[in-house]
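A short reminder: the numbers here are calculations on the coordinates, not readings from a lab. Quick caveat: nothing in here was measured; it's all calculated off a predicted structure. Quick reminder, even Gly has a Cβ in these numbers, built from the backbone with ideal geometry, and neighbours come from all protein chains shown.
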Amino acid sequence: MKHQHHVTATSFADPADIAAFKKCKAQGKSDQECFKIGDNGIGCFGDDTTTDEPCCALPPEHMESRWGSVKGAKHKKVLVTINEIEIECVVKDRLPRGVQKIDLNPGACAKFGLTPPVKIKAAWRWVDKP
């Protein structure tokens, strides 16, 4: 079996996350400050992460070790497992360095039958070959 990463899955880019980010920005705060409390719904490659298409965000070190760079991981696929359900997600965003988690967008959460905010045990592995 291919190497699986056992992590915590959390949600991002859901309506409450977007609202929190917008409220923060309306207070004149920086993107960096606002990303600590919400999300703008735009992945690091410029993709809309609020859609029904299952997508995810991963820590940059996993992208770099597999694909040589964060950019190299753009739109690669991962297989995510939660409660014995597996779905394929497209990498459309990155997390901060050093976190042991995966972020799932509303489309991915819906496929798992989860309602954000989410915090649940998960496993993931790369589908695409380097």
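Things to note:
- Checklist (1) surrounded by 19 or more Cβ atoms within 10 Å (Cβ to Cβ); (2) within 18 Å of Trp126 (Cα to Cα); (3) among the charged types (D, E, K, R) applied to Asp17, failing item: (2)
- Scanning region 1-41 for residues that are β-branched (Val, Ile, Thr) and over 17 Å from Leu58 (Cα atoms) yields Ile18, Ile37.
- Which listed residue, of Asp52, Asp39, is assigned to a loop (DSSP other than H, G, I, E, B), under 12 Å from the mean Cα position of the chain (by Cα) and under 23 Å from Lys111 (Cα atoms): Asp39
- Some residue of region 10-19 being over 11 Å from the mean Cα position of the chain (by Cα) and of a type in the set (S, T, N, Q): no
- Sole exception among (1) touching a residue at least 40 places away in the same chain (Cβ under 8 Å); (2) surrounded by 14 or more Cβ atoms within 10 Å (Cβ to Cβ) for Asn40, by number: (1)
- Test: residue in region 57-75 that is over 17 Å from Val7 (Cβ atoms) and in a strand (DSSP E or B): no
- Given (1) aromatic (Phe, Trp, Tyr); (2) out of contact with any Gly (no Cβ under 9 Å at 6 or more places or on another chain); (3) surrounded by 19 or more Cβ atoms within 10 Å (Cβ to Cβ), index of the condition Trp67 fails: (3)
- Pairs meeting the criteria (first residue in region 105-127 and farther than 19 Å from Lys92 by Cβ, second residue crowded, with 21+ Cβ neighbours inside 10 Å and basic (Lys, Arg), beta carbons under 9 Å, at least 6 apart or on different chains) are lacking.
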